[in-house]
Amino acid sequence: MWFLVCVTTDEKLMNSERVLVAMSGGVDSTVAALLLKEAGFTVEGVTMRLWVDPQSQETAQRTEQGLSERDNIAAAAAAARKLGIVHHIVDGQDEFYKQVVCRFTVDYLEGRTPNPCVECNRTVKFALLLEMAEKMGISYVATGHYARVKKEPEGNGRLLLRGIDRQKDQSYMLYALGQAELRFTLFPLGHKTKEDVRQIAAAAGIEETVGAESQEICFLPDHDYRSFLECHCPQAKKEGDIVNTAGEKIGSHRGIAFYTVGQRKGLGLTTAEPFYVVRIEAAANRLVVGPLEELFSSGLLVEKPHYISGHFPREALTVEVKVRYRAPAVEAFLYPPRDGLARVEFKVKQKAVTPGQSAVFYRGEEVVGGGVIAAAIP
């Protein structure tokens with residue numbers, strides 16, 4: 001359940017469609033609101049209050065940038081005043097904690113490496129935006145993501161496309177959106193580069209009203225997930241064995257939650273050649289390690305596959321797949337799902353395919369869909 005907790009108003013009625021813009025207080029979302037206003041929309045901004053650390057005595061947990069969520073809300077409100085638009089603040093903390101933070105901790109306890117930003121977009125941010133917009137009679141929602149939506153050449157469906165700035169492209173984080181969301185979603189920055197956005201902000205005189213850019217995972221102070229787990233999940237500290245791929249014990253670990261596939265440092269091993277985490281076996285509470293060549297996979301299995309079109313492919317597709325947000329897209333074959341799993345075969349073996357991360361499928365500029373990596377195929 002979402003709760004609207006504060007509204008600041010400076011309303012100017014316009015004879016145009018209304019759009020609700022998610023405003024974080026940063027330059028991207030502020031410029032998104034500005035561009036939509038200049039395009040003739042009646043723009044209203046909303047800032048989401050999502051995270052207050054229940055372990056903290058402070059009102060909001062500080063990040064390494066020295067900004068709290070309270071600071072970001074203040075920055076968004078200031079930006080809205082500068083733009084002359086209505087600004088709302090909505091509380092979604094309970095849903096964020098249940099859907100994102102709890103899932104994040106459970107995944108690590110189960111030996112997976114999650115991507116909470118994907119889950120937040122899927123279950124919290126867009127759900128909140130669209131629900132608010134519907135209740136308020138607003139036609140569209142918008143964010144500052146670097147991605148594009150395009151109407152299908154034939155039919156009424158929507159395509160999700162990469163942002164033209166490949167360094168900032170955020171389509172990977174949005175693969176779980178479907179037709180129900182994309183029909184009513186605008187991405188004003190999809191055709192812009194980051195430099196374009198900075199210049200627009202400077203020209204409009206709004207660069208001084210915005211806060212610092214959000215970085216990585218919003219609820220991790222200093223981006224340190226291990227410290228977060230130690231604080232919030234004492235049960236993560238459960239020692240176990242480190243074994244080689246032959247099953248021979250060669251060391252001990254302090255808890256599988258503190259390791260990820262591909263990790264080399266911090267294993268405490270003295271071996272003739274470097275060893276990497278090849279696999280995490282949660283049921284046995286052990287890490288399987290091996291030399292670099294054992295870290296490569298010929299493919300992967302994806303659970304809960306999602307396709308933007310809403311329809312499963314009936315035959316194998318040639319796609320490019322990204323197995324991590326910052327990983328390059330590589331050529332692969334995507335097979336129709338069976339028993340809830342879709343199989344992907346790489347044309348060239350890939351390193352450190354990590355269960356829990358998202359695999360996202362592309363065909364050129366178009367995002368086909370994606371899912372959560374269930375397992376790597378040796």
> So residue 80 fits all but one of (1) without any contact (Cβ under 8 Å) to a residue 12 or more places away in the chain; (2) under 25 Å from residue 36 (Cβ atoms); what number is the exception?
Replying inline: (1)
> Just for the range 184-205: of the residues that are surrounded by 19 or more Cβ atoms within 10 Å (Cβ to Cβ) and among the small types (Gly, Ala, Ser), which one is modelled with the highest pLDDT?
Replying inline: 190
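Could you say which residue among 148, 166 is more than 21 Å from residue 24 (Cα to Cα) and among the charged types (D, E, K, R)?
166 is the lone residue from the list that is more than 21 Å from residue 24 (Cα to Cα) and among the charged types (D, E, K, R).
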> Which pairs have Cβ atoms under 7 Å, sit 6 or more apart or on different chains, and link a residue in the range 325-339 that is in the same structural domain as residue 349 (by TED's automatic domain parsing) to one that is aromatic (Phe, Trp, Tyr) and at pLDDT 95 or above?
Replying inline: 325/172; 329/362; 330/346; 332/346; 334/361
> Here are some residues: 325, 259. Which one is out of contact with any Phe, Trp or Tyr (no Cβ under 7 Å at 6 or more places or on another chain) and among the aromatic types (Phe, Trp, Tyr)?
Replying inline: 259
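For the range 263-275, enumerate the residues that are within 21 Å of residue 107 (Cα to Cα) and out of contact with any strand residue (DSSP E or B) (no Cβ under 6 Å at 6 or more places or on another chain).
Within the range 263-275, 266, 267 meet the criteria.
Just checking, which of 369, 356 is at positive phi and assigned to a loop (DSSP other than H, G, I, E, B)?
356 is the lone residue from the list that is at positive phi and assigned to a loop (DSSP other than H, G, I, E, B).
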> Here is a list of conditions, (1) buried (at least 17 other Cβ atoms within 10 Å of the Cβ); (2) within 22 Å of the chain's Cα centre (by Cα); (3) of a type in the set (A, V, I, L, M, F, W, C); (4) assigned to a strand (DSSP E or B), and residue 327 meets all of them except one; can you say which number that is?
Replying inline: (4)
> Of all residues in the range 221-255 being of a type in the set (Gly, Ala, Ser) and under 24 Å from the mean Cα position of the chain (by Cα), which is surrounded by the fewest Cβ atoms within 10 Å (Cβ to Cβ)?
Replying inline: 227
>> Which of the numbered conditions does residue 238 fail, given that it passes all the others? Conditions: (1) within 22 Å of residue 79 (Cβ to Cβ); (2) modelled with pLDDT of 95 or more; (3) among the charged types (D, E, K, R).
In response: (1)
>> Looking only at strands (runs of 3 or more DSSP E) that lie completely in the range 1-100, which have at least 2 residues being assigned by TED's automatic domain parsing to the domain that holds residue 122 and modelled with pLDDT of 90 or more?
In response: 18-22, 42-49, 86-91
>> Every residue in the range 330-373 that is small (Gly, Ala, Ser), surrounded by fewer than 18 Cβ atoms within 10 Å (Cβ to Cβ) and modelled with pLDDT of 95 or more, please.
In response: 364
> When residues of the range 275-320 are filtered for being surrounded by fewer than 14 Cβ atoms within 10 Å (Cβ to Cβ) and touching a helix residue (DSSP H, G or I) at 6+ places or on another chain (Cβ under 7 Å), how many remain?
Replying inline: 1
> So residue 123 clears everything in (1) under 12 Å from the mean Cα position of the chain (by Cα); (2) buried (at least 21 other Cβ atoms within 10 Å of the Cβ) except one condition, right? Which one?
Replying inline: (2)
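Suppose we filter the range 73-82 for residues that are touching a helix residue (DSSP H, G or I) at 6+ places or on another chain (Cβ under 7 Å) and surrounded by fewer than 21 Cβ atoms within 10 Å (Cβ to Cβ); how many remain?
Matching residues across the range 73-82 total 0.
The values are calculated or read from the model by the stated rules, or taken from the named source; none is laboratory data. Keep in mind that what you see is a predicted model, and the values were worked out from it rather than measured. Cβ coordinates were reconstructed from backbone atoms using ideal geometry, including for glycine residues, and neighbour counts include every protein chain displayed.
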